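Below is one structure, written out as structure tokens; comments come after it.
The values are calculated or read from the model by the stated rules, or taken from the named source; none is laboratory data. Predicted, not measured: the structure shown is a model, and the values here were computed from it. Here the Cβ positions follow ideal geometry from the backbone for every residue, glycine too, while neighbour counts run over all protein chains shown. We work out accessible area using only protein heavy atoms, side chains counted, and drop any ligands, DNA or RNA first. Shrake-Rupley method; radii C 1.70, N 1.55, O 1.52, S 1.80 Å.
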Amino acid sequence: MTWWHDAVFYQIYPRSFLDTDGDGVGDLGGILKKMPYLAWLGVDALWITPIYPSPMRDFSYDISDYCDVDPLFGTLDDFDQIIAKAHEAGIHVILDWVPNHTSSDHPWFQEARSSRTNPKRDWYVWKEPTSDGKLPNNWLRSWSDQPAWTLDDETGQFYLHCFLPEQPDLNWANIDVRDAMAETLRFWLRRGIDGFRMDVVHLIGKDPAMPDDPEDLVAIGHVPLNDRPEAHVYLKGIRKVLEEFDGERTSVGEVYLLDPEVVATYYGQADELHMSFNFASLFTPWRAASWVETITRTESSHNAVGAWPTWTLSNHDNKRIASRLDGDPMKTRSAAILVLTLRGTPFLYAGEELGLEDAIIPPERVVDPGLRDPCRAPLPWTNERLHGWPSDPWLPFAERPNDFSVETQEHDSASMLNFVRSLLSIRKASTALRQGSLNELRDDNGVLHYRRESSDEVVDVYINFAKEPRPITFLPGSTWLLSSSGVKVPASGQLLLVPGDSVIVRVSP
Ligand code: GLC
């Protein structure tokens, strides 16, 4: 077991975390300022989403320089300070890395598009129009029904972009691309970064034949055709770069292929990704039977190849968990219990500890081409008009910001924030929860139950997904650790668990 098996990761979308220079956009200064808060909360590692120089069409997921920080966010020196301060507090830091595409402003693409014979031409994916002048295939780009190809008028060929036309796909089949991208990893590894979250990393392996998507897949784009053997070859190379450095550097891949069985293959033989997001959990309905299925499939597929699972309920691309649960505070707490007690590494999204909901974005404030603004609303720190931000932030706050603010919640022992903080400290103190096996998974008439077991400890978790109260009988000697409603386990060992509530008990020692 290494640090990242044990760690709880906390995802920071810097634009929305906290601004310190008054331009309305969160920055590295905001992360530095809140380092004491993060240490107090008790998270073990930060995943910082892109802060690279970028024309910001996809908010720095369109990178024009992999080895610098956009002035909007700060400087390389600020980033070094974040690593230093986090490490001082015992917190690891990983950075987002975007291997599939660059910005069209990146000098590599500028060179590549300058002529068909430019040495960097083949760094991107170019295709001739068909003989009747049409698109090379029927692939669509993300977030629209538009083609994944744009014709470069000057040179008369189409280039591929799985996302925006301003995000051309790199050609990983070209060894020079692989070498150049390895250098971008080394740049940050030398600065002391603990690893990377790797953006849509399954897409780097592309079928050279580029066949049409089957008709029934066109609506969800070409992605299914890009679960390719080539990606695994490139990932082995990437892993080797991380292993050139000491200190257990790690990787977590955004493998946006929703089957846990497919996701598990991206760990290779412990020679590809260290971890991969398992997004089945983002789409599992709030039903005990559905969770039994997701957990069973994750456990069996990952165990079969020795892969360490990850769990996540929210991120900067999807509706926040509190909003998915219609703002039900008890269920939102139970969801936190779920994500922090399953076997594997949990990833929390900043604001999840506050039970933050998505914002309502008026049409004139929409800025994201993928319409993901609601889950990117700024964090409310205080109860003043600007909630701790020096000026109006780039997106509106979620409704009822004072209910969700850190100021309101930090001194209220019954708040979601203090609940999550307790949960993190219970997890930290429990070998069973951090490292134990997961057994006795079942759906008992709407109550999800599982047991976490290590050599020195046994912990049981019960979550009532049913719409009615359900009786639970605890093993003699069980000690109460936490429940969503605050209800304690009575001496009788019998408890009626109300709908949405959940409870964690230590069975032994
Ligand atoms: C990933 C990121 C998303 C980004 C996309 C393109 O899905 O999470 O935010 O827009 O890749 O880079």
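For region 36-47, indicate whether the set of residues that are assigned by TED's automatic domain parsing to the domain that holds residue 193, more than 16 Å from the ligand (Cβ to nearest atom), in contact with a helix residue (DSSP H, G or I) (Cβ under 6 Å, 6 or more places away or on another chain) and part of a loop (DSSP other than H, G, I, E, B) is non-empty. Yes, the conditions are met somewhere in region 36-47. All conditions in (1) touching a helix residue (DSSP H, G or I) at 6+ places or on another chain (Cβ under 8 Å); (2) over 30 Å from residue 429 (Cα atoms); (3) crowded, with 19+ Cβ neighbours inside 10 Å hold for residue 78, with the sole exception of (3). Could you say whether any residue in region 85-94 is open to solvent by less than 10 Å² (accessible area, probe 1.4 Å), touching a residue at least 60 places away in the same chain (Cβ under 8 Å) and part of a helix (DSSP H, G or I)? Checked against the condition, which is being open to solvent by less than 10 Å² (accessible area, probe 1.4 Å), touching a residue at least 60 places away in the same chain (Cβ under 8 Å) and part of a helix (DSSP H, G or I), region 85-94 yields no hits at all. Per this entry, residue 418 is not counted among residues that are surrounded by 13 or more Cβ atoms within 10 Å (Cβ to Cβ) and in contact with a strand residue (DSSP E or B) (Cβ under 8 Å, 6 or more places away or on another chain). Please enumerate the residues belonging to region 383-430 that are in contact with a His (Cβ under 8 Å, 6 or more places away or on another chain) and either among the small types (Gly, Ala, Ser) or free of Cβ contacts under 8 Å to residues at least 12 places away in the same chain (or both). Residue satisfying the conditions is 405 alone. If we scan region 286-296, do we find a residue that is surrounded by 23 or more Cβ atoms within 10 Å (Cβ to Cβ) and basic (Lys, Arg)? So far as region 286-296 goes, no, none of its residues is surrounded by 23 or more Cβ atoms within 10 Å (Cβ to Cβ) and basic (Lys, Arg).
Among residues of region 106-154 being touching a Gly at 6+ places or on another chain (Cβ under 8 Å) and within 16 Å of the ligand (Cβ to nearest atom), the one that is most open to solvent (accessible area, probe 1.4 Å) is 143. Filter the helices (runs of 4 or more DSSP H) completely within region 160-266 down to those with at least 3 residues that are of a type in the set (A, V, I, L, M) and buried (at least 20 other Cβ atoms within 10 Å of the Cβ). So the answer is 175-190, 229-243.
Cβ-Cβ distances below 8 Å connect the following pairs, each with a first residue in region 101-112 that is within 17 Å of residue 162 (Cα to Cα), a second residue that is aliphatic (A, V, I, L, M) and within 13 Å of the ligand (Cβ to nearest atom), and a separation of six or more residues or different chains: 101/170; 102/63; 102/170; 103/63; 106/63.
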